[in-house]
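Undergrad: Got a structure for you, questions after.
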Amino acid sequence: MHIGCPKEIKPQEFRVGLTPNAAREAVGHGHQVTVESSAGVGAGFTDADYIAAGAAIAGTAADIFETAEMVVKVKEPQAVERKMLREGQILFTYLHLAPDPEQTKDLMECGATCIAYETVTDDRGGLPLLAPMSEVAGRLVPQVGAWTLQKANGGRGVLMGGVPGVGPARVVVIGGGVVGTHAARIAAGMGADVTVLDRSLPRLRYLDDAFGGVFKTSYASAGNTIELAREADMIVGAVLIPGAAAPKLISRAQLSELKPGAALVDVAIDQGGCFETSKATTHQDPIYEVDGVMHYCVANMPGAVARTSTIALGNATMPFMLALADKGWRQACEDDPHLLDGLNVHAGKLTYYAVGKALGIDVLSPTLALKA
């Protein structure tokens, strides 16, 4: 199979969908690999690195989309990229379709087979291709949140760890999954007073057993959430419903109950955000203020640490990419139901229920898509 990797064009996105190591593995499996010139520079990989791995270098993204049987990316295809996708082509990348009707429409119209990293599952009920970026984003949260809290940026002017005689910042993390756990660990390590909220009692028990004394846990009822949020300096939105739009956990009206200059860090912004006032921002212009509350809603947080993120993502995606290339998407998905869970669009049909529910679009069962 001919595998192509274009350069990412989303603003301030420095990751790349294919590492030289992944290219080398694919070439070793007998596949042709083509990478757009300078695609890996932001992550510290040169064209020479890819050539040494056995890949060819293409001058433009159009060359990639025109010739590749499978396109491997990081972020969802932008409008100009979607116009270059074609019927029968495989697209393997993050999609986050639920809050993005325009992208969904374009992908259905192009006829490609689109497999989303964020909905591929594993036998433990996890999301193995989302997890590494969730780990990165979670560990970045206290860093960017602490910056947002600085007075010069509009924040409360509170130091995460405080100083002798002055208490630390109070941090509330809503969601005790991968993002929330990593955010809580790092924030607590910076000396903050951290509470993690979740609705799963088994998850709360696990967090209490594993991290008791490092941070606190609490049940995420609506009343408890706003009560803790009123006293917080930083509130982290880390709730995920796989493939679906994120629930709104703090409303516009409730902002008036928060501390002036408090920081909201919305890691669920890729899925529409979990605060009513959230809107996607970029690394170039990451924060904005609503009713005296600062919002950090960068939609590609891991892009800030592109080398770490690219290598971590490449380690996770490589086995699935090789399966798709070795077997073709039908056989690979038939052999691995967890990979089939990643199928979001095929031949003009939407194949992921949560996206269809969010956007009001009829869904074809992925099992039927395999047989079509």
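The values are calculated or read from the model by the stated rules, or taken from the named source; none is laboratory data. This one's a predicted model, so the numbers in the text were calculated from it and none came from an experiment. We place every Cβ from the backbone using ideal geometry, glycine too, and count neighbours over all the protein chains shown. Accessible surface is based on the protein model in full, side chains and every heavy atom, while ligands, DNA and RNA are left aside. Shrake-Rupley method; radii C 1.70, N 1.55, O 1.52, S 1.80 Å.
Undergrad: What single numbered condition from (1) without any contact (Cβ under 8 Å) to a residue 40 or more places away in the chain; (2) open to solvent by 30 Å² or more (accessible area, probe 1.4 Å) fails to hold for residue 323?
TA: (2)
Undergrad: Could you check, for segment 135-149, whether at least one of its residues is out of contact with any Lys or Arg (no Cβ under 7 Å at 6 or more places or on another chain), open to solvent by less than 10 Å² (accessible area, probe 1.4 Å), assigned to a strand (DSSP E or B) and at negative phi? Working first, answer last.
TA: Just the residues of segment 135-149 that are out of contact with any Lys or Arg (no Cβ under 7 Å at 6 or more places or on another chain), to begin with: 135-148.
Next cut, open to solvent by less than 10 Å² (accessible area, probe 1.4 Å) only: 137-138, 141-142, 145, 148.
With the extra rule that they be assigned to a strand (DSSP E or B), the set shrinks to none.
The answer is no; no qualifying residue exists.
Let's see how each residue does on (1) of a type in the set (A, V, I, L, M); (2) touching a Lys or Arg at 6+ places or on another chain (Cβ under 6 Å):
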| site | (1), (2) |
| --- | --- |
| 25 | no, no |
| 52 | yes, no |
| 59 | no, no |
| 67 | no, no |
| 75 | no, yes |
| 83 | no, no |
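Undergrad: In segment 1-56, which residues are open to solvent by 40 Å² or more (accessible area, probe 1.4 Å) and within 15 Å of residue 92 (Cα to Cα)?
TA: 1, 7
Undergrad: Closer than 24 Å to residue 358 by Cα, among the basic types (Lys, Arg), at pLDDT 95 or above and part of a loop (DSSP other than H, G, I, E, B): does that describe residue 105? Talk me through it step by step, then tell me what you get.
TA: Values: closer than 24 Å to residue 358 by Cα: yes; among the basic types (Lys, Arg): yes; at pLDDT 95 or above: yes; part of a loop (DSSP other than H, G, I, E, B): no.
In short, no.
Undergrad: Could I ask something else about it? Just to be sure, is residue 272 under 22 Å from residue 121 (Cα atoms), among the small types (Gly, Ala, Ser), modelled with pLDDT under 95 and open to solvent by 20 Å² or more (accessible area, probe 1.4 Å)?
TA: Working: under 22 Å from residue 121 (Cα atoms): yes; among the small types (Gly, Ala, Ser): yes; modelled with pLDDT under 95: yes; open to solvent by 20 Å² or more (accessible area, probe 1.4 Å): yes.
Yes, satisfied.
Undergrad: OK, next. Give me a count of the residues in segment 286-312 that are modelled with pLDDT of 95 or more, over 21 Å from residue 98 (Cβ atoms) and not in a strand (DSSP E or B).
TA: Residues flagged as modelled with pLDDT of 95 or more, over 21 Å from residue 98 (Cβ atoms) and not in a strand (DSSP E or B) within segment 286-312 amount to 11.
Undergrad: Within the set of pairs 6 or more residues apart or between chains, which connect a residue that is open to solvent by 50 Å² or more (accessible area, probe 1.4 Å) inside segment 77-105 to a residue that is hydroxyl-bearing (Ser, Thr, Tyr) and modelled with pLDDT of 95 or more with Cβ atoms less than 9 Å apart?
TA: Listed by first residue and then by second, the contacts come to 88/113.
Undergrad: Okay, moving on. For segment 107-126, name all the residues that are open to solvent by 30 Å² or more (accessible area, probe 1.4 Å) and more than 20 Å from the chain's Cα centre (by Cα).
TA: Matches in segment 107-126: 108, 109, 123.
Undergrad: Within the set of pairs 6+ apart or on separate chains, which have a first residue in segment 352-369 that is free of Cβ contacts under 8 Å to residues at least 60 places away in the same chain, a second that is surrounded by fewer than 18 Cβ atoms within 10 Å (Cβ to Cβ) and assigned to a helix (DSSP H, G or I), and C-beta atoms under 6 Å apart?
TA: Pairs found: 363/353.
Undergrad: Any idea which of 165, 191 is open to solvent by 50 Å² or more (accessible area, probe 1.4 Å) and on the phi > 0 side of the Ramachandran plot? If you could, list the steps in order and put the result at the bottom.
TA: On the way: 191 fails: open to solvent by 50 Å² or more (accessible area, probe 1.4 Å).
Among 165, 191, only 165 is open to solvent by 50 Å² or more (accessible area, probe 1.4 Å) and on the phi > 0 side of the Ramachandran plot.
Undergrad: Hey, another quick one. Can you name every residue in segment 275-285 that is of a type in the set (Val, Ile, Thr) and either buried (at least 24 other Cβ atoms within 10 Å of the Cβ) or at pLDDT below 95 (or both)? Full working, then the answer.
TA: First, the residues of segment 275-285 that are of a type in the set (Val, Ile, Thr): 277, 281-282.
Answer for segment 275-285, where residues must be of a type in the set (Val, Ile, Thr) and either buried (at least 24 other Cβ atoms within 10 Å of the Cβ) or at pLDDT below 95 (or both): just 282.
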